[in-house]
Number of protein chains: 2
Amino acid sequence: MRIGELAALAGTSPRALRHYEAQGLLTARRATNGYRDYGEHDLRLVAEIRSLLAIGFSLEDTRPFLDCLRAGHERGDTCPASVAVLHRKLAEIDGYLGRLQAVRAQLAEAIDRTTTYPNRAAAHPNRADYPEENPCPRQEPSATEAGPPTCC
Amino acid sequence: MRIGELAALAGTSPRALRHYEAQGLLTARRATNGYRDYGEHDLRLVAEIRSLLAIGFSLEDTRPFLDCLRAGHERGDTCPASVAVLHRKLAEIDGYLGRLQAVRAQLAEAIDRTTTYPNRAAAHPNRADYPEENPCPRQEPSATEAGPPTCC
DNA sequence: CTAAACGCTGACGTTGGTGTCAAGGCAAGT
DNA sequence: ACTTGCCTTGACACCAACGTCAGCGTTTAG
């Protein structure tokens with residue numbers, strides 16, 4: 001199967017597949033004319049990449065999962081290296097969740113204040129409205145329909 | 001007060017302040033030698049920008065808050081345009097939270113599976129490990145200590 | 001036979017908020 | 001006078017996962 005077909009089956013683009021190859025995540029046999037030639041197994045690999053990207057993994061983080069699949073496992077998340085990534089990601093997400101919830105609380109309070117005391121000035125003049133805290137993920141992948149500030 | 005002093009007081013860099021000016025968020029008088037000259041009020045404006053950036057706002061989203069302060073209000077979040085941004089951000093965050101929690105659940109389940117059934121293959125061979133879903137924020141600002149995948 | 005549709009490589013563009021460097025002007029201490 | 005340190009503008013670098021275009025060869029349908 002050629003790159004366009006694989007891309008279509010995986011719901012992505014030839015450019016993306018070449019990018020994965022450039023990152024060493026995917027390899028392809030070459031036909032005599034130089035065209036990349038993929039097999040069924042490669043569809044599974046690309047599907048793994050896409051599904052992990054969709055939940056906020058970086059390409060680099062998908063590597064252990066692909067190695068796991070190539071090692072013959074039916075799932076990419078059963079190998080030790082994959083599990084390690086899962087744990088790290090879970091910890092990251094918990095961090096994001098905590099910060100996001102803190103920010104959410106700040107915003108909700110600010111909104112509540114303006115709706116409860118409209119046109120009324122607050123107590124501490126020269127203080128910034130929003131202390132510090134510090135919220136969430138940076139650059140987490142996106143859904144194709146979620147708009148610009150897509151996802152983690 | 002010159003740019004270096006304001007930057008130090010606000011805990012940021014001259015480069016950042018020039019960037020805010022380039023974006024039309026900050027203005028400065030000029031001394032006869034061409035140096036930017038800031039007043040006390042500008043520190044308040046920069047503090048507002050920094051605190052909003054820290055909780056995941058884009059520079060553009062801080063604009064209504066700055067306008068609000070310049071209009072003479074003691075807080076930047078009391079004007080209608082600011083409140084509108086607050087509502088939008090709250091909605092975004094709720095979206096992120098929902099997706100992050102869904103992803104968290106997926107990861108936790110995957111980890112649980114590997115620890116509960118070690119070395120045991122799963123049921124559906126050719127299915128991707130992680131369906132689809134789709135998680136959270138992209139490119140949310142960062143804390144100075146949170147590391148690479150900083151924050152929302 | 002020809003044109004459309006595909007494939008190839010290489011390279012630059014995108015997004016945001018800066019960091020960093022270049023090449024110069026200005027101010028103050030010794 | 002000279003050095004040091006601040007300031008100025010302008011421009012390129014960064015990160016990630018591609019999009020897009022250029023310039024070229026290949027395959028395939030008509």
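The values are calculated or read from the model by the stated rules, or taken from the named source; none is laboratory data. Since this is a predicted model, take the numbers as computed values, not measurements. Quick reminder, even Gly has a Cβ in these numbers, built from the backbone with ideal geometry, and neighbours come from all protein chains shown. Just the protein is used for accessible areas: all its heavy atoms, side chains included, with ligands, DNA and RNA removed. Shrake-Rupley method; radii C 1.70, N 1.55, O 1.52, S 1.80 Å.
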*Look at residue B:56 and say whether it is more than 16 Å from residue B:85 (Cβ to Cβ), outside any helix (DSSP H, G or I) and either within 14 Å of DNA strand D (Cβ to nearest atom) or within 12 Å of another protein chain (Cβ to nearest Cβ) (or both).*
no
Subset of the stretch A:25-39, residues open to solvent by 30 Å² or more (accessible area, probe 1.4 Å), touching a residue at least 24 places away in the same chain (Cβ under 8 Å) and either more than 10 Å from DNA strand D (Cβ to nearest atom) or touching a Leu at 6+ places or on another chain (Cβ under 7 Å) (or both), comes to A:36, A:37
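Looking for whichever is in contact (Cβ under 8 Å) with a residue 24 or more places away in the chain, surrounded by 15 or more Cβ atoms within 10 Å (Cβ to Cβ), touching a strand residue (DSSP E or B) at 6+ places or on another chain (Cβ under 7 Å) and of a type outside the set (Gly, Ala, Ser) here; the options are B:55, B:93, B:49, B:3. Which one fits?
Details: B:55 fails: touching a strand residue (DSSP E or B) at 6+ places or on another chain (Cβ under 7 Å); B:93 fails: touching a strand residue (DSSP E or B) at 6+ places or on another chain (Cβ under 7 Å); B:49 fails: touching a strand residue (DSSP E or B) at 6+ places or on another chain (Cβ under 7 Å).
Checking each option against the conditions leaves just B:3.
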Just one listed residue, out of B:31, B:47, B:8, is within 12 Å of DNA strand C (Cβ to nearest atom) and among the aliphatic types (A, V, I, L, M), and it is B:31
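Looking at the stretch B:81-99 only, could you name the residues that are at the interface with another protein chain (Cβ under 9 Å from one of its Cβ atoms) and over 13 Å from residue B:56 (Cα atoms)? Write out each step before concluding.
As a first pass, look at the stretch B:81-99 and keep what is at the interface with another protein chain (Cβ under 9 Å from one of its Cβ atoms): B:82-83, B:86-87, B:89-90, B:92-97, B:99.
Within the stretch B:81-99, B:82, B:83, B:87, B:94, B:95, B:97, B:99 qualify.
For the stretch A:1-19, give me each residue that is more than 14 Å from every other protein chain (Cβ to nearest Cβ) and more than 10 Å from DNA strand D (Cβ to nearest atom). Can you show your working first?
If we filter the stretch A:1-19 for residues that are more than 14 Å from every other protein chain (Cβ to nearest Cβ), which is where we start, we get A:1-8, A:13-19.
Listed by number, the residues that qualify are A:1, A:3, A:4, A:5, A:6, A:8.
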**Prompt:** Within the bounds of the stretch B:68-76, is there any residue that is within 14 Å of chain A (Cβ to nearest Cβ), over 17 Å from residue A:104 (Cα atoms) and within 16 Å of DNA strand D (Cβ to nearest atom)?
**Reply:** no
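Name the residue, out of B:86, B:52, B:17, B:66, that is touching a Leu at 6+ places or on another chain (Cβ under 6 Å) and within 16 Å of DNA strand C (Cβ to nearest atom).
B:66
Residues in the stretch B:65-89 that are part of a helix (DSSP H, G or I) and either open to solvent by 30 Å² or more (accessible area, probe 1.4 Å) or touching a strand residue (DSSP E or B) at 6+ places or on another chain (Cβ under 7 Å) (or both): how many?
Residues of the stretch B:65-89 part of a helix (DSSP H, G or I): B:65-70, B:80-89.
Keeping just the survivors that are either open to solvent by 30 Å² or more (accessible area, probe 1.4 Å) or touching a strand residue (DSSP E or B) at 6+ places or on another chain (Cβ under 7 Å) (or both) gives B:67, B:70, B:80-81, B:84, B:87-88.
Count: 7.
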